[in-house]
Amino acid sequence: MKISVIGSGYVGIVTGIGFAELGNDVIFIDIDRGRVDTINNGDAPIYEKGLEELMKKNKGRYHASDDYREIKNSEITFICVSTPSNPDGSINLKYIKSASSSVGDVIRNKAGFHAIVVKSTVIPGTTEGVVRPLIEKNSNKSAGKEFGIAMNPEFLREGSAVEDFFHPDRIVIGFADEKTKNMLSELYSDFNCEKLFTDIMSAEMIKYASNAFLATKVSFANEIGNICKKLGIDSYEVFKGVGLDHRINPSFFRAGIGFGGSCFSKDVKALVSKAEEVGEEPEILKAVLEVNEKQPLKLIELLKEHIPDLKGRRIGVLGLAFKPDTDDIRETRAEPVISALLAEGARVVAYDPKATEHFRKIFPEVEYASPEKVLESEAVLIVTEWDEFESLDYSGKIVIDGRKIEKARQARIYEGVCW
Ligand code: NAD
């Protein structure tokens, strides 16, 4: 199939290259000219395991452009632009709106059917209430007849996004017309997983409910973990026992310093905002966010039990990415941790294998150094669970661990946040 992908960030590039690997022709459209050039050189615009290799392997099956008119050469367009938060937490649809209008402009003069699929995470009602009317207005065509519209939420996890593309737990397709449904069924025919066909708003909500549940599980684990810490219990032992219950499932119980990343926080906030708009008080969701805001500061609380006055003290931070195997620092817990250290007057020296350059832009006052140099500080905080942190030498150090790095237990003084 000929596919176009609008927005070539974490979701767009992985989806597009995945479809190219499955034998489709893919056109990436992005407004970021630098990103377009990077892709056309066969380089990955983001760091994601296995992506660059797939890009090299499939060179010739895809190209990128900032010219929306190229969409005309495809049969199906995936909208994968970002959907950030407004300052009040509600969803900001400016990229979705501009992408929808541009798609409408282009298909105005296209003969034949064109399917448009929203893959970005959008609050229920957006695909039919915002995307569809903008395409109809700009194309002067009607949905369901001359073009089709669908919503296909994405569940990939950064850090294992390529693997997740090829082996998803499920594929959800919210559709309104049979033709688009059939095109998507054909496109996904090679995937050997549960495929759920729903109406469009249910597909939109499945994504929010999934992320909200996972975020809830993390905040729940952290709250139980905080109680365990005060009682001298290792919460990981507790959750091993809890997860053995088949009604519960063991994953996502890693207590620590909270969730980061581009999705959980913004999606829960957007859902809270939508709930309030329709007159519902989302008490659990609000508590999930509140626990998550406080949790990274547990590291500072524990650090101060050993070094009460941080002024002028040299404190090391291991890990800046919001999770291992990515260079993404959006909503990383390193940000509140380092802000708190700086506010207390500490001198911060930090290391991350992939995210340093992104982080340097927002925290130029931090010293960036090798892990060995970071370990020479007076105390070290572990913020991200990169594998390589399991092979450092922590002996003789003070380590406050936010992510359960087993090797760090060899430190002279070791504290885990929830264990
Ligand atoms: P991103 O910020 O990494 O990428 C977005 C891309 O869209 C950028 O390259 C940007 O230049 C481009 N763009 C913006 N406006 C455009 C326009 N009008 N036309 C063309 N290109 C445009 O975003 P992301 O992390 O890939 O997320 C995209 C969507 O997918 C969001 O709704 C997000 O919530 C959702 N999602 C993300 C993940 C994830 O792990 N990152 C997982 C599942 C779902």
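The values are calculated or read from the model by the stated rules, or taken from the named source; none is laboratory data. The model shown is predicted, which means the values in this text are computed figures rather than measured ones. Heads up, the Cβs are rebuilt from the backbone with ideal geometry, glycines too, and the neighbour counts pull from every protein chain shown.
Which residues, counting only those in segment 30-74, are outside any helix (DSSP H, G or I) and in contact with a Phe, Trp or Tyr (Cβ under 6 Å, 6 or more places away or on another chain)? Result: 46, 64. Taking every residue in segment 256-278 that is over 12 Å from residue 90 (Cβ atoms) and pairing it with any residue that is of a type in the set (Asp, Glu) and within 12 Å of the ligand (Cβ to nearest atom), at least 6 positions away or on another chain, the pairs with Cβ-Cβ distances below 7 Å are 260/331; 261/158; 261/328; 261/331; 262/328; 262/331; 265/331. Within segment 375-382, does at least one residue satisfy the condition of being surrounded by fewer than 20 Cβ atoms within 10 Å (Cβ to Cβ), at pLDDT 95 or above and closer than 20 Å to residue 395 by Cα? Taking every residue of segment 375-382 in turn, at least one turns out to be surrounded by fewer than 20 Cβ atoms within 10 Å (Cβ to Cβ), at pLDDT 95 or above and closer than 20 Å to residue 395 by Cα. Among the residues of segment 218-270, those that are farther than 15 Å from residue 287 by Cα and of a type in the set (Val, Ile, Thr) comprise 227, 233, 238, 242, 248, 257.
For segment 37-76, the set of residues classified as within 11 Å of the ligand (Cβ to nearest atom) and in contact with a His (Cβ under 9 Å, 6 or more places away or on another chain) consists of 39, 71, listed by residue number.
Among the residues of this structure, residue 222 does not count as one that is within 15 Å of the ligand (Cβ to nearest atom), of a type outside the set (D, E, K, R), crowded, with 21+ Cβ neighbours inside 10 Å and not assigned by TED's automatic domain parsing to the domain that holds residue 77. Can you pull out the residues in segment 102-126 that are within 16 Å of residue 173 (Cβ to Cβ) and away from the ligand (no atom under 12 Å from the Cβ)? Result: 115, 116, 117, 124. Starting from residues that are among the aliphatic types (A, V, I, L, M) and near the ligand (Cβ under 10 Å from one of its atoms), keep the ones in segment 1-24 and report whichever is surrounded by the fewest Cβ atoms within 10 Å (Cβ to Cβ). Among those residues, the one meeting the criterion is 11.
Residue 196 fulfils the conditions (1) hydrophobic (A, V, I, L, M, F, W, C); (2) more than 16 Å from the ligand (Cβ to nearest atom); (3) assigned to a loop (DSSP other than H, G, I, E, B) except for a single criterion, (3). Answer yes if at least one residue in segment 264-271 is touching an Asp or Glu at 6+ places or on another chain (Cβ under 6 Å) and buried (at least 20 other Cβ atoms within 10 Å of the Cβ), and no otherwise. Yes, some residue in segment 264-271 is touching an Asp or Glu at 6+ places or on another chain (Cβ under 6 Å) and buried (at least 20 other Cβ atoms within 10 Å of the Cβ). A single member of 248, 284, 300 is in a loop (DSSP other than H, G, I, E, B), aliphatic (A, V, I, L, M), away from the ligand (no atom under 16 Å from the Cβ) and surrounded by fewer than 22 Cβ atoms within 10 Å (Cβ to Cβ), and it is 248.
Taking the criterion of being closer than 15 Å to residue 20 by Cα and crowded, with 21+ Cβ neighbours inside 10 Å, the residues of segment 61-77 that qualify are 62, 64, 74, 76, 77. Residues satisfying the criterion are absent from segment 201-208 (criterion: over 16 Å from residue 253 (Cβ atoms), outside any helix (DSSP H, G or I) and away from the ligand (no atom under 16 Å from the Cβ)). The numbered conditions (1) surrounded by fewer than 14 Cβ atoms within 10 Å (Cβ to Cβ); (2) in the same structural domain as residue 400 (by TED's automatic domain parsing); (3) within 29 Å of residue 50 (Cα to Cα) are all true for residue 253 except (1).
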